[in-house]
Amino acid sequence: MIERFWSAANKGLEHEVIKNHSIDPKLLAIRLVAVHAASEQLGVALPPVYLLRKAVRRCPRFLRIRWVRGPKGTRAVSCWIFKALAAVE
């Protein structure tokens, strides 16, 4: 399940369907519902959001859930904060 989540998140970021709201390059701040919605467009099957939340919380890259303002000072949105892939390696 985590592999499919990261597949959808990476494809969504690559195709700019979802946005990384983090200013810090070592962090990834994404909206879980945006990843779930984008997964349908990108052809990646994900389980319902309530199951996804439970699984993603156990991911080693997961840090916290926090309200984040985007790089351009946009309104704050609730994001799931992860270590960026480059920071993990």
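The values are calculated or read from the model by the stated rules, or taken from the named source; none is laboratory data. Predicted, not measured: the structure shown is a model, and the values here were computed from it. With ideal geometry, Cβ positions are generated from the backbone for all residues, glycine too; neighbour counts draw on all protein chains shown. Side chains included, ligands, DNA and RNA excluded: accessible areas come from the protein's heavy atoms. Shrake-Rupley method; radii C 1.70, N 1.55, O 1.52, S 1.80 Å.
With the simple model of a label 7 Å out from the Cα in the direction of the Cβ, residue 50 to residue 15 spans 2.8 nm. Computed extension gain for residue 63 through residue 23, at 0.36 nm per residue and net of the alpha carbon distance, reaches 12.8 nm. With 5 Å bins beginning at zero, the pair-distance distribution over Cα atoms of the chain amounts to 3, 15, 26, 28, 19, 8, 1 %.
For the residues 2, 30, a 1.4 Å probe over the protein chains yields an accessible-area ranking, largest first, of 2, 30. Of the solvent-accessible surface of the chain, computed with a 1.4 Å probe and all protein chains present, 54% belongs to carbon and sulfur. When you count the other C-beta atoms within 10 angstrom of each residue and take the mean per peptide, 34-43, 10-19, 59-68 line up highest first as 34-43, 10-19, 59-68. The trypsin sites (Lys or Arg not before Pro) of the range 22-60 meeting both criteria, a DSSP state outside H, G, I, E and B (loop) and at most 14 other C-beta atoms within 10 angstrom of the site's C-beta, are 26, 58. For the chain, averaging the sequence separation of C-alpha pairs within contact (under 8 Å, six or more residues apart) and dividing by the residue count gives a relative contact order of 34 percent. Rolling a 1.4 angstrom probe over the protein heavy atoms with all chains in place gives the chain an accessible area of 63 Å² per residue.
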